[in-house]
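The values are calculated or read from the model by the stated rules, or taken from the named source; none is laboratory data. Please read all numbers here as calculations on a predicted model, not as lab measurements. Quick reminder, even Gly has a Cβ in these numbers, built from the backbone with ideal geometry, and neighbours come from all protein chains shown. Heavy atoms of the whole protein, side chains included, go into the accessibility calculation; ligands, DNA and RNA do not. Shrake-Rupley method; radii C 1.70, N 1.55, O 1.52, S 1.80 Å.
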Amino acid sequence: MAGFCGSAASRGRLMAGVNFNPDLVTQAVRRAAMRGIVIGTERIRSEAINLILNTQKTGRLYFRSGLSKLSKSGKSFSGGHRASAPGEPPASDTGNLVRRIDVQYDRKALIGYVVSRADYSVFLEYGTQRMAARPFMRPAAANCKDEVEQIISWEIKLELESIAKSGGLT
């Protein structure tokens, strides 16, 4: 950032210099921002998976022949699948959707992406003419927005404090 260059005497004057290297500051801030982006992107990925696996589903109950068992009261079952209702995050059945959620980064552009590689992801997220949406990516990003912004800011703040404590970048 800035550094003290020392002092010198010239023509009867005493001088002290300060130098500043903006390229090194920019590099440090970019590194810190990317650390925050990686942490934030992973946080959004975790939230998307959490919405799929851990939110209550109220959709249709599907029974599988020979595998499903309904209790005598009719209130519980095993071996079946409870789907999500319209507007709820999708219910996990085979685990494929969760397994296919990944992250990727463009370090040059300072961007992190949460990507769902399941072929049917876009249909769940936005719906179709015959099925209402079961969004999970947009809600995950919205749920984490403030936290991700704080993480990135915190990483940059820590980096700048570290530079200041070390005497700067020269």
*Can you tell me which residues in the stretch 123-140 are touching a Ser or Thr at 6+ places or on another chain (Cβ under 8 Å) and more than 15 Å from Ile49 (Cβ to Cβ)?*
none
*asked:* Here are the criteria: (1) over 30 Å from Ala33 (Cα atoms); (2) modelled with pLDDT of 95 or more. Tell me which single one Arg138 does not satisfy.
replied: (1)
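May I ask you to list the residues in the stretch 17-48 that are open to solvent by less than 40 Å² (accessible area, probe 1.4 Å) and modelled with pLDDT of 95 or more?
Keep residues of the stretch 17-48 that are open to solvent by less than 40 Å² (accessible area, probe 1.4 Å), which gives 17, 25, 28, 32-34, 36-37, 40-41, 44, 47-48.
Hits for the stretch 17-48 are Ala32, Ala33, Met34, Gly36, Ile37, Gly40, Thr41, Ile44, Glu47, Ala48.
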*Which of (1) closer than 20 Å to Ala142 by Cα; (2) assigned to a helix (DSSP H, G or I) is the odd one out, the single condition Gln56 does not satisfy?*
(2)
*asked:* Suppose we filter Ala91, Ala142 for residues that are in contact (Cβ under 8 Å) with a residue 12 or more places away in the chain and small (Gly, Ala, Ser); which single one remains?
replied: Ala91
*asked:* Out of the helices (runs of 4 or more DSSP H) lying entirely within the stretch 91-170, which hold 1 or more residues that are acidic (Asp, Glu), open to solvent by 70 Å² or more (accessible area, probe 1.4 Å) and out of contact with any helix residue (DSSP H, G or I) (no Cβ under 7 Å at 6 or more places or on another chain)?
replied: 137-165
*Looking at Leu51, Leu14, which one is open to solvent by 60 Å² or more (accessible area, probe 1.4 Å) and modelled with pLDDT of 80 or more?*
Leu14
*Pick from the stretch 141-170, criterion modelled with pLDDT of 95 or more and of a type in the set (S, T, N, Q), ranking: nearest to Asn54 (Cα to Cα)*: Asn143
